[in-house]
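Please read the structure below before turning to the comments.
Each value in this text was obtained by applying a stated rule to the coordinates, not by laboratory testing. As the structure is a prediction and not an experimental result, all values here were calculated from the model. Glycine gets a Cβ as well: all are built from the backbone with ideal geometry, and neighbour counts include every protein chain shown.
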Amino acid sequence: MNNNKPYIIGVAGGSGSGKTFFLKCFLHHFSTEEVCLISQDDYYKPIGEQKVDENGWVNFDLPEGIDDTKLLEDLKLLIDGGSISRKEYTFNINEESARLMNITSAPIIIVEGLFVFHYPELSQLFDLKIFMDADEEITLNRRISRDEIERGYTRDMIMYQWVNHVMPAYKQFLLPYKESCQKIIINNKHVAEDIIATSKEISDELKESVLRSV
């Protein structure tokens, strides 16, 4: 292994699969000098460049809604040992008010998001691919809970997006890459212990195989 090249991890999974919680648990095992994280969501194109469906709804669940060119460019800068600055994407927060993040390269770089395996040039850079998976009924219930509480969506709005945007995108742009992933994490339970244990197991493996050689 080239000790100068960071170890790149791609993490993907559908809405409600538990990516955010897994990454929170995973990052808990490392210092900021050991791991850095890039989120695909921070590369959403402006709202005016997003596609609108036949009923006038903006569809945020399409790969072309992401500036994957800039995402790839920033990842390559981190691989080369550099730093990047990026405004954090937060729902209903405009770009001017968004928090500016400064991300410095680290021995382990994580790239997470719905479509990170779909972009060929990006996907081929990953040394490890992790797929977060859960049954559709469970992910839908998690989505409903989040969108009702955090976004103030009605049940009808949530179901419209789920049926017309979320699931078609999942089946076309994410699910086909599942079997090419080295690790598939099933997250169907409503208790945290399994994800906590899995994140520790993977982090221990990486500390042994990656950080010891740095």
Only helices counted: for the chain, with every DSSP H run of 4 or more residues adding -39500 (n - 2.57) and the sum spread over all residues, [θ] at 222 nm is -10000 deg cm²/dmol
Between residue 79 and residue 193, the two model label points (7 Å from Cα along the beta-carbon direction) sit apart by a distance in nm of 4.1 nm
Violations at 23 Å Cα threshold for listed pairs 76/200; 129/200; 87/189; 5/129; 70/200; 183/207 -> 76/200; 87/189; 70/200
Here, trypsin sites (Lys or Arg not before Pro) of the stretch 79-155 satisfying both criteria (DSSP loop; at most 15 other Cβ within 10 Å) are 99, 151
Of all chymotrypsin sites (Phe, Trp or Tyr not before Pro) in the stretch 45-140, the ones in DSSP coil with at most 13 other Cβ atoms within 10 Å are 91
The relative contact order of the chain, taking Cα pairs under 8 Å that sit 6 or more residues apart, comes to a percentage of 35 percent
If each part is reduced to its alpha-carbon centroid, the stretch 1-34 and the stretch 131-198 end up apart, in Å, by 18 Å
In nanometres, the difference between 0.36 nm per residue of separation and the alpha-carbon distance of residue 90 and residue 207 is 39.0 nm
